[in-house]
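Here is the structure we will look at, set down as C-alpha cells.
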Amino acid sequence: MLTTILGVALRLDRDRDRPARELRERDRAIGRARKVSPKHPVRALRAWIDEVAHEEDRAHTQRAITALRTTGLLAVLLGFVLGAGAAAAIYSYDGSRPINILPAIATFVLLPLLLLVPLIVQLLPLPVPGWASLRESLAALGAGLFALAMRVLGQRHRELVMSALGRGRAHQRLFAGLQKWVLLSSAQTFAVCFHLGAILWLLGRVLVTDLSFTWSTTAEFVTAERVHALTAWLSTPWQTWLPQAVPALADVRATQYFRLGEGSLGAGSDPALLGRWWSFLAMSMVVYGLAPRLITAWIGAIGRARAERWTLLHLPGVDDVLDRLTRWDVRTQAEAPEAMPSEQEATHEARVDPASLEGPAVLVQWSMAASDAADFALRTELGLDVRERLAAGAGYALAHDERVADDVARALAGMQRGRVAVLVKAWEPATMEAMDFLTALRRRVGDAVGIVVVALRLQALGAHDTDDRDVAQWRRRCTALGDPWLRVAGIDPHVATQERP
Amino acid sequence: MSAPVFVVVGHPNKGKSSIVSTLAHDDSVRVAPDPGTTIAARAFPMRVDGEILYSLVDTPGFQRARAALQWMQEHETTAAEHAAVVRAFVREHRGGTHFHDECELLAPIVEGGGVLYVVDGSKPYGPEYEPEMEILRWTGRPSMALVNPIGGDAHVRTWEDALSQYFRIVRVLDAHQAVFDQQLDLLRAFGQMHQDWRAPMDRAVGVLARDRERRVRRAAERIAELLADMLTLSVARNIGADAAVEEHKAELEARFQDELRALEQKARRDVEALYDHHDLQRVEDVSALRQDLFSAEVWHLFGRSKWRLAVIGASGGAITGGVLDASIGGLAFGVLTGLGAAAGAALGWQAAEWSSSFQVFNLPGMEKVGLSGRRLQCGPTRNPNLPFVALGRARHHHRLVASRAHARRDPLVVDTEEAGALNPLEAAEERAFHASFTRLRKAGAMTDAALRERDALADRVHALFQRDGA
C-alpha cells in the first residue's frame with residue numbers, strides 16, 4: 001500500500017499544472033479500460049497508478065519502499081539479536097552458580113507488562129483528564145525516537161524513508177497518522193522478535209545443556225511463600241493444562257539459593273529440582289512477553305493498514321482522480337481553437353469635409369431603411385438637400401442595384417456639387433452586400449464625389465435605444481473600403497424632430 | 001447512425017455565438033458586438049466518454065445572401081432539386097473568397113446538419129432576412145428558428161410571426177439569461193426536429209442533467225471543505241519570552257484574516273471552474289459578493305444577528321444558571337438563573353462581532369538554545385458567526401455562478417438586497433449547521449471525525465443548493 005501512496009502522491013504532484021481536460025481524458029480512458037468502480041477506490045487508485053506512474057517516480061518509489069523494508073528487516077534482526085543477547089546475559093550459566101530466576105521474571109515478564117502501559121495510553125482515547133496530554137507527550141516521545149532511529153540510517157536511506165512516510169511539512173498533518181502506525185507496528189514487530197529471540201535462546205540452551213535455576217534475595221520480606229504466590233499468580237493462565245510448569249511451594253522453598261561460601265540451597269533441596277524452573281520461565285516469557293506483543297503487533301498491522309488506506313484516500317487531489325476515473329467524461333466545449341479575424345488596418349479615415357456635404361443630394365434607401373423624419377434630419381444635421389430618392393438592397397434583385405447606381409450617376413450629372421446619401425439601418429450589420437453596392441456606386445459616380453452613409457438609429461423607430469456602437473461598426477467597415485470621399489454619419493431623426501423649431 | 005449536428009446560422013451579429021457559448025458551456029467563445037467576429041465554422045461536440053451524442057456548429061453570418069440566392073435560382077431546375085443546387089453552390093464556391101461565409105455556414109448543413117436559425121428579438125424584422133431564410137429552406141434540412149432577445153423583447157412577436165412562415169418550430173431563448181433547465185428544454189426541442197434525433201437528444205439531456213447534479217454535489221463538497229478549513233485555521237509565530245503580546249496581535253490577526261480571505265478566493269475559483277466558468281471576471285469593490293469577508297455589512301447580512309445570538313446566549317446561560325440554582329436547592333431564589341441569562345446574552349451580543357481567538361503557549365527553556373520562549377497563535381476562531389457568514393457568501397456566490405449563462409462577458413455582479421433575501425436559513429437548518437460547525441471545531445483538521453463531519457456538512461450544503469434551485 002505504501003508503494004501506491006507514494007506513487008499516487010508523486011503523480012499528483014506532476015499533474016498539478018496539467019490542463020484539467022487532458023487529465024479527465026486520460027483518467028477516464030484508464031477508468032474505462034480497467035473497469036474501475038467507485039465502490040473500490042483503493043483498487044481504482046492502484047489501477048490508475050499502474051497506468052500513469054512516471055518511470056522516475058516508479059524507481060524512486062521502489063527505492064523508498066526498499067529502504068523502508070530494509071529498515072523493518074533490521075528491526076527484526078535487531079530484535080532477535082537483542083532478545084537472544086538479553087536471554088544469554090540473564091540465563092548465563094557456567095555450572096559454578098545457578099541462575100537466579102527473579103531477574104529473569106523482572107526482565108521478561110514485569111518489564112514487558114510495564115512497557116504495554118504507554119501503548120495502551122496511545123491506543124485508547126479515554127475521556128480522563130490529562131489523558132490527551134499524556135498521549136501527546138508519548139506521541140512526541142515516539143516522534144523523537146523515530147527521529148533518533150532515522151539518524152542511525154545513512155542520509156540517503158533517511159531521505160527515502162521519510163519520502164515514503166510523508167513528504168515535508170505540507171503533508172505532515174496528513175501523514176502523521178500513518179507515521180504513528182508505521183512506528184507503532186514496527187515497534188511491535190521488534191518486540192515480538194525480541195521475545196522470540198529470548199525464548200528460542202532459552203529453549204535452545206535447555207535442549208543442548210543442563211541449566212540450574214534458583215532464586216535469591218537479600219530482602220527479608222521476599223519469602224518463599226511470597227515468591228510462590230507470585231509464581232502461582234503468574235501461572236494462572238496455564239496451570240490447568242500445563243501443571244508441570246507451575247512451581248509448587250515446596251519446590252520454591254527448596255530452590256532458594258544462598259551464595260555464602262560454596263553456596264547452599266534451602267531446606268529439602270534436591271539438585272534435580274533446579275532444572276524444573278525452565279518450563280515455568282518459558283511459559284511466562286510466552287504468555288507475558290510474546291503473546292501480548294503478538295496481539296499488539298496484530299493491532300498495529302490493522303491500524304497501519306487502516307492508516308494507509310485513510311492516507312491514500314485523503315491525499316489532496318485523490319477525490320478528483322477518483323471522480324475522473326469513475327464518472328462520465330462529459331464535454332460540450334469546442335475542441336479546435338477559434339479562428340481569429342485578421343486586423344483590417346485602415347489606410348485613412350473615411351471622411352470628407354463636413355462643409356462639402358451641404359448642397360443637393362441623391363438619397364438611396366438601402367434595404368428599405370426609411371423614416372418620416374429622416375429628410376428633416378438629413379437637412380438639419382448634415383445640410384443635405386435631397387433632390388431625388390431611390391431604393392436598393394433587400395427586397396430588390398441585384399440587377400436593380402446596378403441600375404440604381406447608374407441612375408444615381410445620371411441624377412448627379414444634373415446637379416452642381418451633388419452628393420450621394422445612402423440611408424442604412426444602423427442596427428443591421430454592414431454586410432459585404434452593402435459594401436459591394438458602395439463600391440459599385442463609387443465606380444459609377446467617379447472619384448471626388450462625396451458619398452455619405454447615413455446610419456439611421458433604431459431610436460428613430462421609437463422602439464429601442466441603439467447606441468453609437470452600431471454607427472462605429474458601419475464606419476469601420478466603410479473605412480476598410482479605402483475610399484477617401486466616403487463618410488459615415490449617424491442620424492437620430494427622433495431627436496432632430498423634437499428639436500425642430 | 002451518426003450523431004445529430006445542429007448548425008447555428010443567421011444574419012451577422014445576431015447572437016449565434018452567444019447561443020452556442022451558452023449551450024456548450026464554453027466561455028472561451030468570442031462574443032462581441034461587432035459583426036464578423038466568427039469567421040469560420042467551429043464545432044462544439046457533446047461527448048460522453050469520447051462518444052459524440054450531438055454537435056453544435058457555430059458559423060459566420062450571411063454576407064451576400066441575395067447574391068447566393070440569385071446564383072441558386074439561376075441554377076434551379078425543379079423544386080425537388082433545391083437541395084442539390086445548394087450543394088452545388090457550396091462545391092462551386094468553397095475555397096473562394098466571395099462566398100466564403102456562405103460556404104462556411106452551408107457546408108455543415110448540406111453534409112447533414114440541422115438548421116438553427118438565430119435572430120435578435122430586440123431588433124425589427126426586415127426584408128434583408130428573407131433571402132437567407134429562403135436559402136435555408138432550399139437546403140431541405142430539419143430546422144428550427146430561435147429568437148434571441150439580446151437587448152429586449154420588443155420585436156419578438158413580429159419575429160415569431162415572420163419565422164413561422166419559414167420554420168416549423170420557433171423558440172425564444174435569451175442566451176444571456178437562460179438557466180440550465182431552459183437550456184435542457186431547448187436541447188430536448190432539438191430532438192423534435194427529426195425523429196431520428198429524439199433518442200440521442202433525450203439521452204444527451206439525461207447525461208447533462210446527471211453531470212449537472214455531480215457538479216452541484218462537488219461544489220457542495222468544496223464549500224464544506226472551505227468551511228472546515230476556515231474553522232480549523234490558525235496562524236502562529238514565536239515571540240520572545242519578554243515581548244509584549246499585544247504588539248504582535250494586530251499583525252497576527254491581519255495574517256489570519258488574509259489567510260481566511262485566500263481560502264475563500266480559492267474556493268470561489270474552484271466553484272467557478274466546476275461550472276466551466278474559467279474566464280469569469282470578478283470585480284471586488286461594489287456588490288455584496290465583492291464585500292470584504294470582514295466588513296460589518298456582510299457580517300450582519302449573512303451571519304446571525306446580534307439579537308439572535310444574544311437570545312441564544314441568554315437561553316444557554318439561563319439553563320446553566322438554572323442547573324446551579326437547582327443544585328443548591330433554590331437557595332439563591334433564581335438569582336443564578338438570571339445572572340446566567342445576562343452573562344449568556346452579553347457573550348452572544350459580543351459574538352456577533354468579528355473577534356479573533358488568541359492563545360499563548362509557553363515554551364520553557366527554549367531561550368537557552370537560542371529560540372523564542374513563547375508562541376502566539378491566532379485561531380482557530382471560536383466565533384459562532386464566522387462559518388455562517390462564510391456559508392452565506394459561498395451559497396450566494398454559488399447561486400450566481402450556477403445560474404450564469406456562459407455567453408455573458410460582464411463581470412459577476414451581485415445585488416446586495418438579493419443576497420440578503422437568500423440569507424435566512426430555516427430554524428432546523430440553522431441548528432443542524434451550528435451543530436456541524438461545533439463538531440468540526442472539536443474534531444480539528446485531518447482526522448477521521450473531521451472528514452466524516454465534512455461529508456455530513458457537504459450533504460447539508462448540497463440540500464441548501466438544491467433548495468436554491470441549482
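Miscellaneous remarks
- Where both bridge residues fall in the stretch B:1-138, DSSP classifies roughly 45% of the beta bridges as antiparallel.
- Remark: mean inter-chain Cβ contacts per residue of B:11-19 equal 2, using a 10 Å Cβ-Cβ cutoff to other protein chain atoms.
- Inter-label distance, nm, simple model (7 Å from Cα along the C-beta direction), B:H75/A:A399: 2.0
- Shielding by other protein chains, B:46-56, mean Cβ within 10 Å: 4
- Residues A:V362, A:V330, ranked from the fewest to the most other C-beta atoms within 10 Å, line up as A:V330, A:V362.
- The distance from the alpha carbon centre of the stretch B:31-94 to that of the stretch A:276-332 is 64 Å, rounded to a whole number.
- Protection proxy ranking, peptides B:203-213, A:477-487, average beta carbon neighbours within 10 Å, highest first: A:477-487, B:203-213
- FRET efficiency, 1/(1 + (r/R0)^6) with R0 45 Å, evaluated for B:R210 and A:T70 via beta carbons: 0.35
- Net lengthening on full extension, A:R18/A:T439 (0.36 nm per residue, minus Cα-Cα): 146.4 nm
- When the trypsin sites (Lys or Arg not before Pro) in the stretch A:363-427 are filtered for DSSP coil states and for at most 13 other beta-carbon atoms within 10 Å of their beta-carbon, the remaining sites are A:R417.
- Averaged over the residues of A:425-438, the number of partner chain Cβ atoms lying within 10 Å of the residue Cβ comes to 6.
- Rounded FRET efficiency, nearest 0.05, which uses the C-beta distance separating B:D279 from A:L114 and R0 of 60 Å: 0.35
Bear in mind that the values in this text are calculations on the coordinates, not laboratory data. Because the structure is predicted, anything quoted here is derived from the model rather than measured. Ideal geometry is used to build each Cβ from the backbone, glycine not excepted, and the neighbour counts take in all protein chains shown.
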